[in-house]
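The values are calculated or read from the model by the stated rules, or taken from the named source; none is laboratory data. Quick caveat, the model's predicted, so the values are computed rather than measured. Neighbour counts are summed over all protein chains in view; Cβ atoms, including those assigned to glycine, are modelled from backbone coordinates with ideal geometry. Surface accessibility is based on the protein's heavy atoms, side chains included, excluding ligands, DNA and RNA. Shrake-Rupley method; radii C 1.70, N 1.55, O 1.52, S 1.80 Å.
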Amino acid sequence: MVSRDDAMKFLMAARWQQSDDVFMRAGNAHPHSRLSVYNSEKLAYSYLFALQEGTLARKSSNRFGFSLAYSYLCRMKDSVLILSGGVDSTTLLYEERERIALAISFDYGSKHNEQEIPFAKWHCEKLGIRHITIPLDFMTRYFHSSLLLGGEEIPEGHYADENMKSTVVPFRNGIMLSIAVGIAESNELKYVMMANHGGDHTIYPDCTPQFVDAFDQAASAGTYVHVRLRSPYTNITKADIARRGKLLGIDYSKTWSCYKGGKKHCGKCGTCVERREAFAEAGIDDRTEYED
């Protein structure tokens with residue numbers, strides 16, 4: 001959020017009594033431009049502070065400016081997103097870009113962190129959303145999972161197959177969400193978002209509707225600002241998510257799914273199979289490079 005002091009300085013420098021045209025230009029600027037979004041928000045807060053301080057009278061000639069300021073208040077950034085760099089969380093990043101104040105990636109020692117996190121950063125830079133990476137290297141020392149460096153081989157096959165349970169990192173989402181909730185409260189943000197979906201329920205207990213509901217209640221009860229968990233994809237499929245991304249024009253070639261962490265997607269592990277099926281069902285031209 002723009003600080004009061006910065007807003008007032010900007011207000012006086014811009015000579016607000018004569019600057020409704022600046023609001024018009026800001027409002028018509030490309031909505032995904034980092035500069036235009038930031039300036040529009042800054043203009044909106046400056047306008048409201050000017051009204052509050054009596055620096056600018058609320059006259060009919062300023063209705064457009066007040067309307068824009070109000071609309072930005074309604075769409076104020078209020079959320080933290082857990083962003084892996086995969087298909088699902090990247091889609092949520094684009095869908096909720098107006099609300100996301102911060103995107104967090106976690107380097108927890110998975111075999112594919114090195115491939116997916118750069119994509120998370122790339123999309124955030126494109127949208128002008130702040131991105132940070134938090135290391136959770138203790139997981140490789142104390143947790144057991146084929147997904148982690150030093151673990152057994154990643155199994156091949158469909159997510160529904162029994163052997164895919166070896167890829168579960170115990171309570172991974174619970175740990176990441178707890179950190180994200182703490183960061184949200186520290187920054188007075190109201191929501192934490194994650195992009196689990198219906199297909200995850202088969203083997204990941206911390207992706208189920210029961211887990212989402214329980215964690216949402218715990219986060220709200222355990223924070224002064226009553227942080228809430230938003231998981232809008234919990235009951236839809238990966239293909240449904242891909243359809244949304246297609247409408248948003250997301251370049252899915254700049255996402256990573258493969259658990260094996262090679263230079264190319266293997267095409268055979270559970271996440272690769274699911275990626276292929278989702279893109280085919282959504283009618284997306286799959287430009288992913290697969291080994292097979």
Kindly check whether there is at least one residue in region 53-76 that is in a loop (DSSP other than H, G, I, E, B) and either modelled with pLDDT of 95 or more or small (G, A, S) (or both). yes
Taking region 154-193, which residues are under 23 Å from T237 (Cβ atoms), in contact with an Asp or Glu (Cβ under 8 Å, 6 or more places away or on another chain) and hydrophobic (A, V, I, L, M, F, W, C)? M193
Being outside any loop (DSSP other than H, G, I, E, B), closer than 25 Å to I203 by Cβ and among the aromatic types (F, W, Y), is that true of even one residue in region 153-162? no
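Table: residues versus (1) more than 20 Å from the chain's Cα centre (by Cα); (2) loosely packed, with under 14 Cβ neighbours inside 10 Å; (3) among the aliphatic types (A, V, I, L, M).
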{"position": "Y142", "(1), (2), (3)": "yes, yes, no"}
{"position": "H197", "(1), (2), (3)": "no, no, no"}
{"position": "D206", "(1), (2), (3)": "no, no, no"}
{"position": "L229", "(1), (2), (3)": "no, no, yes"}
Here's a check for you: in region 275-292, which residue that is farther than 19 Å from G262 by Cβ and without any contact (Cβ under 8 Å) to a residue 24 or more places away in the chain is most open to solvent (accessible area, probe 1.4 Å)? D285
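Please find, within region 119-140, the residue that is nearest to the chain's Cα centre (by Cα) out of those that are open to solvent by 60 Å² or more (accessible area, probe 1.4 Å) and under 18 Å from T91 (Cβ atoms).
Checked region 119-140; the qualifying residue nearest to the chain's Cα centre (by Cα) is K121.
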So L93 passes all but one of these: (1) within 11 Å of A195 (Cβ to Cβ); (2) of a type outside the set (V, I, T); (3) at pLDDT below 95. Which condition number does it fail? (3)
